[in-house]
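What follows is a short report on a single structure.
The values are calculated or read from the model by the stated rules, or taken from the named source; none is laboratory data. Keep in mind that what you see is a predicted model, and the values were worked out from it rather than measured. Every residue, glycine among them, receives a Cβ derived from its backbone with ideal geometry; neighbour counts consider all protein chains shown.
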Amino acid sequence: MRILLLVHAFNSLSQRLFVELRRRGHQLSVEFDVNDALTCEAVELFQPHLVLAPFLKRAIPESVWRNHCCLVVHPGPPGDRGPSALDRAILEGRKEWGVTVLQANQVLDGGPIWASRSFQMREVTKSSLYRHEVTEAAVAAVLEAVEKWEAGDQRPVPQGRWPGLVVRERPLLRQEERAIHWQQDDTATVLRKIRSADGFPGVRDRLAGRELYLYDAHPAPGLSGPPGALLGRSGEFLCRATRDGAVWIGHLRDPLGANPFKLPTVQVLGEAALSLPELEGAPRRIRYQEADGVGYLHFAFYNGAMGTEACQALLAAYREACRRPTRVLVLLGGPDFWSNGMDLNRIEAAPSPADESWRNINAVDDLAEAILTTTDRITIAALQGNAGAGGVFLARAADRVWARPGVILNPHYKDMGNLYGSEYWTYLLPRHAGEAQARRIMEARLPMGVEEAQACGLVDERVEAPDFLAGVRERAARLAASPELASLLEAKRRERERDEAKRPLASYRTQELERMRLNFYGFDPSYHVARHHFVHKVPKARTPPTLALHRRLDWTKPGHGDEERRHG
Ligand code: COA
């Protein structure tokens, strides 16, 4: 079928559905919801059998839902209505929540139900729940709905006839409802409030005399003080007392500042933070563990963004891990992202974004080089979460890439203003995918699921275990104990020497960085413009033709009557 994804942005859930539906043989095209006229035009050009709206902020135009079956994904159980579904579920401390796929009609979230799924809540941020539980539930429910619709013999269930359904219509959550009352709120409440608004919109609060938005909050066990007081800082975190303890806050946004986007707390507060006492015990972004002869390096950078200092710290931790008497080293990234490459927010906020881009890419490259030249142990990148741009190639620098089945990779750079990219991708991608495939991947600029990534050599194994980390540990321990380990290491050493003799790694880096230098310092400002738009979240005014098939010059509008039964 032709399925049109109508989206506010091509976000992680939309990308995952795009990948899953294409894998099942459907033809997908994407249209950003810019205005009604463009949406109607997209429908007219693409003639979709189904319209799917996984992430929309406005109603679908009536002429579209009246003439086409439009499936809407609502991140709440049947009967729940309104734009802040997941935020409210976290705030209310729900233990179980759900996702519903409805057919759009004149009542927002009030249409008949095609499918739904429920899930257990975890005590994490809204965006983490969205990237894991909501996404898995939405994929299952959408696939069920699409199959039912395609079969043609089933109808959606009107809400009035859904067993046990109670309509709960709730408006947009306002900042007043999110506000933290430092004198009264205990730690659990403060954490719930901040997590329910992370990554968007954040919780508005007053800190050091300024109105700021809070993100990235963690408990601070053992610390306490007068409620609301700033107790101290540690690394990038600031510690603030609650009624019964304290929380660490890692990121802030100053909407009125020169850089009105998320940045590390200490960077936003400047002197007000630096004058606070240094404390112990802030969450560690980088952690090392060891078990059964295997080293595990966790690096949970906020949003997977790896700035210069983060890369340098990770390189130091990597080197330290390589001094341990282990034969296998697993690079685990964080629970939500493995890596999204350079930290574009910090680059944007730097006095010279070009200089900071240069420092950052060199720091990522140093890390990639260290991984590539490790010959005394097997390195494994184990992807619990998604990876994008340089993050994908940094993972591919390891000997093996293992992935959780639902992970999405974006192995391309060009969407960031034609950025050329580095991380030794010109060595790694052709080596694993072949020259022709490498070119196709870079040009297509599309998200990729694990099956496709496996087929083109970007992923080696899918770890299907219900608990991904347990599955990784079990496999890694088996590898470390394997009698073949010595011969694997020998083969790895020989291969590296052969490749080095053919063309030294340094030469790939030099060539990539020459192109990056032009991106950063050359006459064409596209990278700086694209980064500015990305960081400032400037809404897209049109859908790029890489996503909008129906807007490509070579698109031929499907003829009328080429298929029957289309309006479910
Ligand atoms: N630097 C800083 N922040 C980043 C980032 C980066 N490299 N990559 C992602 N983020 C942030 C986003 O701004 C967003 O922030 P929010 O919490 O305020 O919403 C959050 O991470 C999630 O990203 P989002 O784009 O919403 O996720 P997605 O799953 O829809 O898309 C990517 C994933 C990787 C396609 C997309 O984030 C992206 O293009 N990132 C930039 C990659 C890049 O060009 N890196 C530099 C070259 S190496």
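Couple of notes before you dig in:
- The single condition among (1) within 24 Å of Met1 (Cα to Cα); (2) in contact (Cβ under 8 Å) with a residue 24 or more places away in the chain; (3) of a type in the set (D, E, K, R) that Arg66 does not meet is (2).
- Filter result for Arg566 (at pLDDT below 95 and either of a type in the set (Ser, Thr, Tyr) or surrounded by 11 or more Cβ atoms within 10 Å (Cβ to Cβ) (or both)): yes
- Of all residue pairs spaced 6 or more apart or on separate chains, those with beta-carbon atoms under 6 Å, a first member in segment 413-428 that is of a type in the set (Ser, Thr, Tyr) and a second member that is assigned to a loop (DSSP other than H, G, I, E, B) and within 11 Å of the ligand (Cβ to nearest atom) are Tyr413/Ala389; Tyr413/Leu419; Tyr413/Gly421.
- Within segment 369-390, no residue that is not assigned by TED's automatic domain parsing to the domain that holds Leu428 and of a type in the set (D, E, K, R) sits with its Cβ atom under 6 Å from a residue that is within 13 Å of the ligand (Cβ to nearest atom) and not in a strand (DSSP E or B) at 6+ positions apart or across chains.
- Lone unmet requirement of (1) surrounded by 11 or more Cβ atoms within 10 Å (Cβ to Cβ); (2) assigned by TED's automatic domain parsing to the domain that holds Tyr420 for Pro525: (2)
- Glu41 meets the stated requirement of being away from the ligand (no atom under 16 Å from the Cβ), at pLDDT 95 or above and out of contact with any Leu (no Cβ under 9 Å at 6 or more places or on another chain).
- Scanning segment 316-339 for residues that are more than 16 Å from the ligand (Cβ to nearest atom) and surrounded by fewer than 21 Cβ atoms within 10 Å (Cβ to Cβ) yields Ala316, Ala317, Arg319, Glu320, Cys322, Arg323, Arg324, Pro325, Arg327.
- Counting only strands (runs of 3 or more DSSP E) that fall entirely inside segment 359-428 and contain at least 2 residues that are crowded, with 23+ Cβ neighbours inside 10 Å and polar (S, T, N, Q), no element qualifies.
- Failed item in (1) under 30 Å from Glu133 (Cβ atoms); (2) within 16 Å of the ligand (Cβ to nearest atom), with Ile347 passing the rest: (1)
- Test result for Glu20, on the phi < 0 side of the Ramachandran plot, within 27 Å of the chain's Cα centre (by Cα) and assigned to a helix (DSSP H, G or I): yes
Matching residues to (1) outside the structural domain of Val392 (by TED's automatic domain parsing); (2) touching a Gly at 6+ places or on another chain (Cβ under 9 Å):
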residue	(1), (2)
Leu230	yes, no
Val266	yes, yes
Leu269	yes, no
Ala321	no, yes
Arg324	no, yes
Val328	no, yes
Met342	no, yes
Asn345	no, yes
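- Of the set (1) within 16 Å of the ligand (Cβ to nearest atom); (2) under 21 Å from the mean Cα position of the chain (by Cα); (3) of a type outside the set (Lys, Arg), all apply to Leu297 but (1).
- Filtered residues of segment 57-74 (kept if under 23 Å from Glu150 (Cα atoms), under 28 Å from the mean Cα position of the chain (by Cα) and not in a strand (DSSP E or B)): Ile60
- Residue within segment 139-156 that is within 16 Å of the ligand (Cβ to nearest atom), within 32 Å of the chain's Cα centre (by Cα) and either in a loop (DSSP other than H, G, I, E, B) or modelled with pLDDT of 95 or more (or both) present: yes
- Of Glu474, Glu452, Glu490, Glu464, all but one fail to be charged (D, E, K, R) and buried (at least 17 other Cβ atoms within 10 Å of the Cβ); the exception is Glu452.
- Residue list for segment 421-433, filter: of a type outside the set (S, T, N, Q) and near the ligand (Cβ under 10 Å from one of its atoms): Gly421, Glu423, Trp425
- Selection within segment 242-260 - surrounded by 18 or more Cβ atoms within 10 Å (Cβ to Cβ) and under 22 Å from the mean Cα position of the chain (by Cα): Ile249, Gly250, His251, Leu252, Arg253
- Residue within segment 208-222 that is hydrophobic (A, V, I, L, M, F, W, C) and at pLDDT below 95 present: yes
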